[in-house]
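First up is the structure itself, then whatever we jot down about it.
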Amino acid sequence: MTALPFLPRARSRRHANPDRLFFLACLVVPLAALALFFLYPLSQIVGRSLTEGDGSLGFGNYAGVFQLAHIPRVIGNSLLIGGVTTLVCVVLGFAIAFMLQRTKIPGKRLIRIILILPLLAPSLVQALGLIFLFGRNGLINKYLHLDIQIYGFWGLLIANCMYALPQAVMILETSLRRSDARPYDAALLLGASRWRRFVDITFPSAKFGLISAAFVVFTVSVTDFGNAAVIGGSFQVLAMEIYTQVVGQMNFNMGAVVGIMLLLPTLLAIYIQRVANQRQFGGSSESAVPVAQDYVPLRDLPLGLVVHAIGLVVFAVVATVVYASFVKLWPYRLDFTLANYDISMAGGYDSLWSTLLISLETAAIGTLSLFLLALAQRRLGPVAARVVYFLAIVPVGVPGLVLGLSYVLSFNVSGSMLGALYGSAFLIAICNFYHYHSQGFLTMVTGIRAVPKSLEETVTCMGGSNLHALRDAVMPVMTPTLVSVFFFLFMRAMVTLSAVIFLVTPSMTVAAVTVMRLDQGGKSTQAAAFSVCIMATVLAATLVMHAILALVGRPKAR
């Protein structure tokens, strides 16, 4: 990246100080916040994992954790569920992505809409839907007189697959979309069969997408808390172990050790995923010719059946949650009622309003901070820009549970200024923001790269300050990106559970936690009703975002 030249000295002398102050503020404020709200808490969790009972430093806590009889089983369970979920999601995700990108099978828009559904709600909603269908009082078990045991490995596997599959499909679709048609044309001239072209061209060209999707799915499934808490049953995984150590036994040091254990494989997965991404982008060419879609009955008929069957399962599980929210007594009295929406337990709808406020704070603070940081990074030299870039994407490797625990260790301290933040909506909003900091930053950097540098230079050469360049050259191009990042942060903050599960207090809780508490309290239909409210909110936000993007993208009348 080339640093943008500052104003010519003679012309810019009048604006030099304000411009420089503005540039420094863009750089220092987000980095200082990153240090305070991400690096400092992370150092606390590392420190607590090394702090022994007598206050000395050592590896006693690590030795203590491995002396617990159930820990090897918990680690094995986590690796098993992560590995199998990854295998299933990559295979199914590739089939769906291939159908969407390379075939003319009808129903693509419907499949895309269905794949969005799991992302509109907290992860535990998939588990809730599976329990409504296959639980002890599930619809399938009752009316088909079956005895399916959904709790445990299989239930957790299906729930995790439903949650992670849309993310795998998005990555694999991008990978297939970047393929070049010219090697296919050359192979066709040489007489290669369809199968030979798939094995020799399609699969190798998608290998980095497959690697990237595999590690994203592995990370999501190993670190997810919601599904494990609702449907995991006796199949204990690391995400539940850290919760048990901290909330159940108040053993923060042991919780920190388990957090580090959760952090290490995730960081490794993220590193490999990033290398795969770089290889993938490096191998693509701007002059690539898109591969044409075709229709091959022998291939597309079974593929279409499989993909639509997957879509039907995902839709059925989410639709069951919506349906259950309107019945009197699941599954015995299926009469229509709105009584489930009269929630009196767990503080009623207070947490939903709190989550709305928190999500707006997350979106507003996050969008402004990321924009300033991306703006400053654009003006730095190559080495400094790489350092800022690295710091900004590090949070992606930290699981939500670990980040939340690090906040407890850092801010639940009495008698300090930082301790005053604990239990506030602001701290939960900040935690949400840094949980999704990297994704927002990458989007912001992609957007700001689209701003022509020559346009900024023209404004400054005509005597305008950097603030004028920001107003006249940067903002018009960046508005769609700012809107997208704002709503991305808002929607993720609405459904996040793992990052904030340790930060809720009796007076300040969030909607996803209320769903979990209602389900644990035996109010499963009320939990479904609350989930529907969350989904409706996120869906409304999605529609508003698309309306705003359409409005700002519309050509202005002359």
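The values are calculated or read from the model by the stated rules, or taken from the named source; none is laboratory data. Predicted, not measured: the structure shown is a model, and the values here were computed from it. Neighbour counts run over all protein chains shown; Cβ positions are idealised from the backbone, glycine included. All accessible areas refer to the heavy atoms of the entire protein, side chains included, with ligands and DNA or RNA removed. Shrake-Rupley method; radii C 1.70, N 1.55, O 1.52, S 1.80 Å.
Of all the helices (runs of 4 or more DSSP H) wholly in the stretch 179-245, which have at least 3 residues that are in contact with a Leu (Cβ under 9 Å, 6 or more places away or on another chain)? Lay out the reasoning, then the answer.
Details: elements: 182-189, 194-197, 207-223, 226-231, 238-243.
Output list reads 207-223, 226-231, 238-243.
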Given the structure, is Leu144 at pLDDT below 90, open to solvent by 10 Å² or more (accessible area, probe 1.4 Å) and touching a helix residue (DSSP H, G or I) at 6+ places or on another chain (Cβ under 9 Å)?
no
Test Ala168 against the stated conditions and say whether it is surrounded by 15 or more Cβ atoms within 10 Å (Cβ to Cβ), more than 15 Å from Asn227 (Cα to Cα) and within 22 Å of the chain's Cα centre (by Cα).
yes
Filter the stretch 184-238 for residues that are of a type in the set (Asp, Glu) and surrounded by fewer than 22 Cβ atoms within 10 Å (Cβ to Cβ); the one that is modelled with the lowest pLDDT is Asp185
Residues that are farther than 25 Å from Val220 by Cα and either part of a helix (DSSP H, G or I) or open to solvent by less than 10 Å² (accessible area, probe 1.4 Å) (or both): does the stretch 428-444 have at least one? no
In the set Gly55, Gly138, Gly64, Gly107, the lone residue that is open to solvent by less than 10 Å² (accessible area, probe 1.4 Å) and among the small types (Gly, Ala, Ser) is Gly138
The lone condition Leu497 fails out of (1) in contact with a Pro (Cβ under 7 Å, 6 or more places away or on another chain); (2) over 28 Å from Gly138 (Cα atoms) is (2)
Picked from the stretch 110-135 (must be in contact (Cβ under 8 Å) with a residue 40 or more places away in the chain and open to solvent by 30 Å² or more (accessible area, probe 1.4 Å)), the residue farthest from Ser221 (Cα to Cα) is Leu110
Exception for Gly423 within (1) within 26 Å of the chain's Cα centre (by Cα); (2) part of a helix (DSSP H, G or I) falls at (2)
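Would you check if Gly463 is in contact (Cβ under 8 Å) with a residue 40 or more places away in the chain, farther than 16 Å from Leu403 by Cα and touching a His at 6+ places or on another chain (Cβ under 9 Å)?
Details: in contact (Cβ under 8 Å) with a residue 40 or more places away in the chain: yes; farther than 16 Å from Leu403 by Cα: yes; touching a His at 6+ places or on another chain (Cβ under 9 Å): yes.
Considered against the rule, which asks whether it is in contact (Cβ under 8 Å) with a residue 40 or more places away in the chain, farther than 16 Å from Leu403 by Cα and touching a His at 6+ places or on another chain (Cβ under 9 Å), Gly463 comes out as yes.
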If we keep only residues of the stretch 34-52 that are modelled with pLDDT of 90 or more and β-branched (Val, Ile, Thr), then the residue surrounded by the most Cβ atoms within 10 Å (Cβ to Cβ) is Ile45
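Against the condition over 18 Å from the mean Cα position of the chain (by Cα), surrounded by fewer than 17 Cβ atoms within 10 Å (Cβ to Cβ) and modelled with pLDDT of 95 or more, how does Val532 come out, does it pass?
On the way: over 18 Å from the mean Cα position of the chain (by Cα): yes; surrounded by fewer than 17 Cβ atoms within 10 Å (Cβ to Cβ): no; modelled with pLDDT of 95 or more: yes.
The answer is no for Val532.
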Selection over the stretch 508-558 where residues are within 16 Å of Gly348 (Cβ to Cβ) and assigned to a loop (DSSP other than H, G, I, E, B) yields a count of 4
Exercise. Might you let me know whether the stretch 468-478 holds any residue that is crowded, with 19+ Cβ neighbours inside 10 Å, among the charged types (D, E, K, R) and touching a residue at least 12 places away in the same chain (Cβ under 8 Å)?
Key: no
Heads up, the helices (runs of 4 or more DSSP H) in the stretch 319-419 (entirely inside) with at least 2 residues that are surrounded by fewer than 17 Cβ atoms within 10 Å (Cβ to Cβ) and not acidic (Asp, Glu) are 350-378, 382-393
When every residue in the stretch 292-318 that is outside any helix (DSSP H, G or I) and among the aliphatic types (A, V, I, L, M) is compared, the one farthest from Val91 (Cα to Cα) is Ala292
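Hey, among Leu80, Leu100, Leu87, Leu92, which residue is assigned to a helix (DSSP H, G or I), over 15 Å from Cys161 (Cβ atoms) and either out of contact with any strand residue (DSSP E or B) (no Cβ under 7 Å at 6 or more places or on another chain) or hydrophobic (A, V, I, L, M, F, W, C) (or both)?
Values: Leu80 fails: over 15 Å from Cys161 (Cβ atoms); Leu87 fails: over 15 Å from Cys161 (Cβ atoms); Leu92 fails: over 15 Å from Cys161 (Cβ atoms).
Sole residue among the options that is assigned to a helix (DSSP H, G or I), over 15 Å from Cys161 (Cβ atoms) and either out of contact with any strand residue (DSSP E or B) (no Cβ under 7 Å at 6 or more places or on another chain) or hydrophobic (A, V, I, L, M, F, W, C) (or both): Leu100.
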All conditions in (1) in a helix (DSSP H, G or I); (2) over 22 Å from Ala292 (Cβ atoms); (3) open to solvent by less than 30 Å² (accessible area, probe 1.4 Å) are true of Ile150 except (1)
Discussion item. Met478 - would you say it is in a helix (DSSP H, G or I), out of contact with any Gly (no Cβ under 8 Å at 6 or more places or on another chain) and of a type in the set (A, V, I, L, M)?
Written reply: no
Per the filter on the stretch 149-194, residues more than 17 Å from Leu117 (Cβ to Cβ) and small (Gly, Ala, Ser) are Gly152, Gly155, Ser175, Ser179, Ala181, Ala186, Ala187, Gly191, Ala192, Ser193
Of the residues in the stretch 536-551, those that are open to solvent by 20 Å² or more (accessible area, probe 1.4 Å) and either in contact with a Leu (Cβ under 8 Å, 6 or more places away or on another chain) or touching a residue at least 12 places away in the same chain (Cβ under 8 Å) (or both) come to Thr537, Leu539, Thr542, Val544, Met545, Ile548, Leu549
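Looking for whichever is of a type in the set (A, V, I, L, M) and modelled with pLDDT of 95 or more here; the options are Ala127, Ala95. Which one fits? Give the derivation first.
On the way: Ala127 fails: modelled with pLDDT of 95 or more.
Sole residue among the options that is of a type in the set (A, V, I, L, M) and modelled with pLDDT of 95 or more: Ala95.
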